[in-house]
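S.K.: Let me give you the structure first, and then I'll get to my questions.
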Amino acid sequence: MELLPLYLSAKLASIATLILIGIAAPLAYLLTNSSWPGRSFVEALFNLPIALPPTVIGFYLLFLLGPRGSVGEVWERLFGGPLLFTFTGIVIASIFYSLPFAIQPIKASFEKIDPRLKENAYVLGLSPAATFFRVIIPNSINGIAAAAILVFLHTMGAFGVVLMVGGSVAGETRVASIAIYEAVESMQYEKAWALSLAFIPISYCFLLLVNKLTRK
Amino acid sequence: MGFTAVLKKKTKFFTIDVELSCPDGQTLALIGPSGSGKTTIIRMLAGLVTPDEGRIVYRDRVFFDSARGVNLSPQKRKLGYVFQDYSLFPHLTLYGNAAFAAHDRSDVDSLMDFFGLTALANRKPHEVSGGERQRCAVCQALARNPHLLLLDEPFSALDVVTRRLLRNELKKITETRTFPVVYVTHDVTEALFIGNTVLPIVAGSVDREWLERIVTPATETDTRNKAARTTKLALAY
C-alpha cells in the first residue's frame, strides 16, 4: 500500500488542528463571553464553511491564495514562493475550511462552565486573559480535546477544498482522499480499497475517544 | 472608616434604592425574602453589576461614583466574595483553591488549619462535602487579605448543623479581622447572630418593620404571643 498520501493527510490534519485550536479557542471565548454589536454577523461568517460546498470555498480560496489574490500576493512578497499547489497552501485552505468545526464544540464546552467561576476569578483579581488561561481552558480541556479530534478527522477527509487549492502534486498535496479519487478514476480499485480501509479504524477509534471525552 | 454605599438600580420588578455603611471590623447582615434585591446589592458592591446611580467608597478609595464616572473593575476592588456554592475551581485541589489569590502561603496554611481542611488539602472540590467546600471558599476569600469581605448566602445550601458550625467559625475568624463584612442571608437567626448591624431589604428598599413582622407574626393584642416574640428576639440577639 502506498503510504505517502496517508502520511500527507495525517501531517496536514495534525498541523491544521494545532493551528486551528490556537485560533478557535480565543475566538470561541470572545463569542461566548462578550456582547458587542455585530457579534451574530461575525459568528455567522465564521460558520459559513459549514453551509458552503467545499468546492465553492476552494474556488474562493483559489483566488485569495493565488498570485493575484491579497493573501497570495503578500505571501509571495514575503517568502518568494507561491501558495497554490503547495503543502502550506492546503494547510491554510484547511484552516478556513475547518474553522467552524473547531469553534462550535469549543464554544459549547465554554458555555457549560458555570459563569460564577469567571466572576470568582475576576473578584480574585484575575484579568480576563488570565481567567481564560487559568480557569476557562483547564475546565474545558475535554471539550477542546474533542474539538481537536473532530477537526483532525474533518481535515483528514477534506477533498474539494484541497483539490481546488493544492491540485494533486505527489508528495506535496496528493493527500489520501485525492489519491483514492485518482485510483478510482484510473480503475486501480485495489489501491482505492487499501487507502479507504485505512480510514475506518482511525476514524472509529477517534470517534470513540470523542464520545468518552464529551460524556462528562 | 469602613465603607459607605448609596446604590440605585432599576430591576425588572422594582428599583433598588439603598444606603449602606459598615465600619471596619464589623459585619453588616442584609436580610430579606428571596428576590428582594440582596444579591444584586452585594454584586454591585463587588463590581459584578453596575448601579444606575450611586457611590461606593471604602476608606478613601472610590470604587464607584456615577457622578464622576468612576467604576473600578472587580479586579481592582480587592475583595473577598463567597458565593452560595459551586464557585471553587473544579480543576484545583482545596489547597490550590485557597491559595489561588493569596499573597502569603503561611496565611493559607493557618486558614486551612483553622477550618480543619489541612488533611483534605490535596482533594478536589467534588471529593469533599458541601460544608468543606464552603469552608474552602471562605479560606480562598480571606487568604487574599481583602479590603471588604462579601458573603452571598454562603451556607444556605448546607444542612442545619453544618450551617450552625460554619457560621460560628466565620464569626470567630471575622472578629479577628479589621475589614468590613457584608453578609447576605434570608435566615433571620443567622443575620442576627452574624451581624453587628442587620438591614432588612424588601423589594429593593430598607424595611425595618418587615423584620419585626417576621419575628412576630402575632397580633399586638395577643399577650401570650407578645411574650413569645420578646423571648424570640432576645434569643435571636
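We did not get these values from a lab; they are worked out from the coordinates using the rules stated. Since we're looking at a predicted model, the values are computed, not measured. Cβ sites come from the backbone with ideal geometry, for glycine too, and all protein chains shown count toward neighbours.
S.K.: When only alpha-carbon atoms are used, what values of Rg and Dmax, in angstrom, describe region B:83-135?
M.R.: 10.2, 27
S.K.: If you don't mind, there's one more thing I want to ask. Cut-off under 17 Å on the C-alpha distance; same-chain residues fewer than 8 positions from A:LYS112 excluded. Which aspartates and glutamates are left, in chain and number order?
M.R.: Cα-Cα hits under 17 Å: B:ASP85.
S.K.: Further question: Give the average, rounded to an integer, of partner chain Cβ atoms located within 10 angstrom of each Cβ in A:136-145. If you can, show how the numbers build up before the last one.
M.R.: Details: counts 0, 1, 4, 4, 1, 1, 0, 0, 0, 0.
Shielding by partners across A:136-145 averages 1.
S.K.: Decide, for region A:1-128, between rounded, prolate and oblate: order the square roots of the alpha carbon gyration tensor eigenvalues as a ≥ b ≥ c, take rounded if a/c falls under 1.5, and otherwise choose prolate if a/b is larger than b/c, else oblate.
M.R.: Here region A:1-128 falls in the prolate category.
S.K.: Moving on. Taking +1 at the Cβ of each Lys and Arg and -1 at the Cβ of each Asp and Glu, which of B:MET44, B:LEU150, B:PRO200 sits farthest along the dipole of chain B towards its positive end, judged by Cα position relative to the Cα centre?
M.R.: Of the candidates, B:MET44 comes out farthest on the positive side.
S.K.: How big is the equivalent ellipsoid of chain A along its three axes, where each semi-axis is √(5λ) from the Cα gyration tensor, reported in whole Å from largest to smallest?
M.R.: Gyration-tensor ellipsoid for chain A: 34, 22, 14 Å.
S.K.: Further, regarding this structure: Enter the mean projected area of the convex hull around the alpha-carbon atoms of region A:128-194, in nm², rounded to one decimal.
M.R.: Over every viewing direction, the Cα hull of region A:128-194 projects on average to 6.8 nm².
S.K.: Kindly identify region B:1-110 as rounded, prolate or oblate by the Cα gyration tensor criterion: order the square roots of the eigenvalues as a ≥ b ≥ c, call it rounded if a/c is under 1.5, otherwise compare a/b with b/c, prolate if a/b is larger, else oblate.
M.R.: Here region B:1-110 falls in the prolate category.
S.K.: Enumerate the calculated ³J(HN,Hα) couplings along region A:74-86 in order (Karplus 6.51 cos²θ - 1.76 cosθ + 1.60, θ = phi - 60°), each rounded to whole Hz, writing x wherever the residue is Gly or Pro.
M.R.: My calculation for region A:74-86 gives 4, 4, 4, 5, 7, 10, x, x, x, 9, 5, 6, 10 Hz in order.
S.K.: Quick one: which of B:LYS10/B:LYS78; B:LYS78/B:LYS171; A:LYS107/B:LYS124 span more than 29 angstrom between C-alpha atoms?
M.R.: In this structure, no pair lies more than 29 Å apart at Cα.
S.K.: Going by average Cβ density within 10 Å per residue, which order do the peptides A:52-63, A:162-173 take, highest to lowest? Numbers along the way, then the final one.
M.R.: On the way: A:52-63: 16.7, A:162-173: 19.6.
Going by the mean number of other Cβ atoms within 10 Å, highest first, we get A:162-173, A:52-63.
S.K.: Using the Cα centre of the protein assembly as shown as origin and beta-carbon charges of +1 (Lys, Arg) and -1 (Asp, Glu), tell me which of A:PHE159, B:TRP210, A:SER9 is placed farthest towards the positive end of the dipole.
M.R.: Going by the charge dipole, the pick is B:TRP210.
S.K.: State whether region A:74-159 is rounded, prolate or oblate according to the following rule on the C-alpha gyration tensor (a ≥ b ≥ c being the square roots of its eigenvalues): a/c under 1.5 gives rounded; otherwise a/b larger than b/c gives prolate, and the remaining case gives oblate.
M.R.: Working: a/c = 4.35, a/b = 1.93, b/c = 2.25.
Because a/c hits 1.5 or more and a/b fails to exceed b/c, region A:74-159 counts as oblate.
S.K.: Evaluate the Kirkwood expression for the hydrodynamic radius of chain B, namely the inverse of the mean inverse distance over all pairs of different C-alpha atoms, and round to one decimal in Å. Present the calculation step by step, with values, prior to reporting the outcome.
M.R.: Numbers: mean 1/r = 0.0536 Å⁻¹.
18.7 Å is the Kirkwood radius here.
S.K.: Given the options A:THR88, A:THR17, A:THR131, state which has the largest fluctuation in a GNM of chain A using a 10 Å cut-off (strictly under) for Cα springs.
M.R.: A:THR131
S.K.: What is the average number of partner chain Cβ atoms found within 10 Å of a Cβ in B:81-87?
M.R.: The mean count of partner-chain Cβ atoms within 10 Å per residue comes to 4.
S.K.: OK, next. Helix-derived [θ] at 222 nm for chain A: sum -39500 (n - 2.57) over DSSP H runs of at least 4, divide by residue count, nearest 500?
M.R.: Dividing the helical sum by the residues of chain A leaves -24500 deg cm²/dmol.
S.K.: Let me ask something else. Could you sort the peptides A:202-214, B:138-150 by per-residue average Cβ neighbour count (10 Å cutoff), highest mean leading? It would help to have the intermediate numbers written out before the result.
M.R.: Numbers: A:202-214: 13.8, B:138-150: 23.2.
Listed from highest to lowest mean packing, they are B:138-150, A:202-214.
S.K.: Angle between the Cα long axis of helix A:189-214 and the longest principal axis of chain A, 0 to 90 degrees, nearest 10?
M.R.: Helix A:189-214 and the main axis of chain A meet at about 10 degrees.
S.K.: Something else now. Using the Cα centre of chain A as the reference point, and only Cβ charges (+1 on K/R, -1 on D/E), how large is the resulting charge dipole? Debye, rounded to the nearest 20.
M.R.: 700
S.K.: Principal axis lengths of region A:101-216 from Cα atoms, whole Å, largest first?
M.R.: Between the extreme Cα coordinates on each principal axis of region A:101-216 lie 65, 29, 18 Å.
S.K.: Using only atoms on other chains, find how many Cβ atoms lie within 10 Å of each Cβ of peptide A:114-121 and report the average.
M.R.: Taking the mean over all residues of the peptide, I get 6.
S.K.: I would also like to ask the following. Taking 4 °C and 1.567 mPa s as the conditions, I'd like the Stokes-Einstein D for the protein assembly as shown in µm²/s, using the Kirkwood hydrodynamic radius from alpha carbon pairs.
M.R.: Once the numbers are plugged in, D ends up at 50 µm²/s.
S.K.: Which peptide among B:87-93, B:14-20 comes first, and what is the full order, when sorted by highest mean count of other Cβ atoms within 10 Å?
M.R.: Output ranking for B:87-93, B:14-20: B:87-93, B:14-20.
S.K.: Once you have the alpha carbon radius of gyration of region B:6-68, what is it after dividing by 2.2 N^0.38 Å, with N set to its residue count?
M.R.: Here the answer is 1.12, to two decimals.
S.K.: For the pair B:THR197 and B:ILE173, what calculated FRET efficiency results from E = 1/(1 + (r/R0)^6), where r is the Cβ-Cβ distance and R0 = 30 Å, to the nearest 0.05?
M.R.: So the FRET efficiency works out to roughly 0.95.
S.K.: Using the Kirkwood radius built from alpha carbon pairs, what does the Stokes-Einstein equation give as D for region A:44-89 at 4 °C and 1.567 mPa s, in µm² per second?
M.R.: D, rounded to a whole number, is 115 µm²/s.
S.K.: Separate question: Residues with amide H under 5 Å of B:ILE201's amide H, sequence separation 5 or more or different chain, H placed in the peptide plane at 1.01 Å from N; which?
M.R.: B:ILE31, B:GLY32, B:ASP207
S.K.: Considering only DSSP states other than H, G, I, E and B, which trypsin sites (Lys or Arg not before Pro) in region A:1-84 qualify as loop sites with at most 10 other Cβ atoms within 10 Å? Please list the in-between numbers first.
M.R.: On the way: sites: A:LYS11, A:ARG39, A:ARG68, A:ARG77; in loops: A:ARG68.
Hits after loop and neighbour filter: A:ARG68.
S.K.: If you take the charge dipole of chain A about its Cα centre, with +1 on Lys and Arg Cβ and -1 on Asp and Glu Cβ, which of A:ILE21, A:SER70, A:VAL175 is farthest toward its positive end?
M.R.: A:ILE21
S.K.: Taking the Cα centre as origin and putting +1 on Lys and Arg beta-carbons and -1 on Asp and Glu beta-carbons, what dipole magnitude results for region B:90-155, to the nearest 20 debye?
M.R.: 160
S.K.: About the Cα centre of the protein assembly as shown, how large is the charge dipole given +1 on each Lys and Arg Cβ and -1 on each Asp and Glu Cβ? Please answer in debye to the nearest 20.
M.R.: Charge dipole, the protein assembly as shown, about its Cα centre: 720 debye, nearest 20.
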